[in-house]
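Bear in mind these aren't lab numbers, they're just calculated from the coordinates by the rules spelled out. Worth saying up front: this structure is predicted, and the values here are computed from it rather than measured. Because the Cβ atoms are built from the backbone with ideal geometry, glycine has one as well, and the counts that use them run over all protein chains shown.
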Amino acid sequence: MPIIDVLSARFSTYDKMYSHEVREQSFADWPFREECNCTPEKMAKAGFVHCPSENEPDVACCFFCLLELEGWEPDDDPWTEHSKRNPNCGYLILKKDFIELTVADYYQMEKERLKVYLRKVCHQKMAYFRDGVDHMLESLKSQLDTM
Ligand SMILES: [Zn+2]
């Protein structure tokens with residue numbers, strides 16, 4: 001599936017993932033359980049949702065900042081890994097539990113989540129555009145070379 005479609009699918013369904021329980025349920029087939037740092041409970045607590053693919057069984061994605069991580073090791077601490085890669089994630093810096101959020105807090109967070117998603121989609125579209133321009137330049141150069 002193209003990256004933008006994956007981002008869109010995650011953005012539109014992850015509004016349910018504010019709930020720790022729903023995030024933890026996504027880890028039903030998670031390989032790390034006993035005597036690990038990255039148990040389903042800790043993964044969910046750090047904001048991650050399990051989103052495996054056929055070739056990548058241990059992909060986890062933050063429901064809020066859409067940071068995607070794979071290649072987990074049993075000793076990895078999910079909160080540390082998340083904050084190392086995106087210390088400004090709106091979920092990580094949240095000082096309240098979901099049930100303590102006011103409606104205003106929730107809409108503020110949804111606004112931030114939308115901005116994160118739109119920023120990622122724009123970056124991806126710019127990358128596709130740059131690739132298209134590079135491809136066109138190469139094509140034109142090779143046409144010039146044959147004249
Ligand atoms: Zn995040």
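Of all trypsin sites (Lys or Arg not before Pro) in the range 82-147, which ones are in loop regions per DSSP and have a Cβ with at most 10 other Cβ atoms within 10 Å? Numbers along the way, then the final one.
On the way: sites: LYS84, ARG85, LYS95, LYS96, LYS111, ARG113, LYS115, ARG119, LYS120, LYS125, ARG130, LYS141; in loops: LYS95, LYS96.
Hits after loop and neighbour filter: LYS95, LYS96.
Whole-Hz ³J(HN,Hα) for each residue in the range 40-54, computed from phi via Karplus 6.51 cos²θ - 1.76 cosθ + 1.60 with θ = phi - 60°, x for glycine and proline: what do you get?
x, 4, 5, 4, 5, 4, 7, x, 7, 10, 7, 9, x, 10, 4
Tell me the label-point distance for the pair GLU35, ALA9, using the 7 Å Cα-to-Cβ offset, in nm and rounded to one decimal.
Label at GLU35, label at ALA9, 3.6 nm between them.
Would you mind classifying the range 36-147 by shape? Square roots of the alpha carbon gyration tensor eigenvalues, ordered a ≥ b ≥ c; an a/c under 1.5 is rounded, otherwise it is prolate if a/b is larger than b/c and oblate if not. Walk me through the numbers before you get to the answer.
Details: a/c = 3.72, a/b = 1.83, b/c = 2.04.
In terms of gyration-tensor shape, oblate.
From the cross-link list LYS45/LYS95; LYS42/LYS111; LYS16/LYS42; LYS84/LYS115, which pairs have alpha carbons spaced over 23 Å apart? Walk me through the numbers before you get to the answer.
Values: LYS45/LYS95 13 Å; LYS42/LYS111 26 Å; LYS16/LYS42 18 Å; LYS84/LYS115 21 Å.
Check vs 23 Å cut-off fails for LYS42/LYS111.
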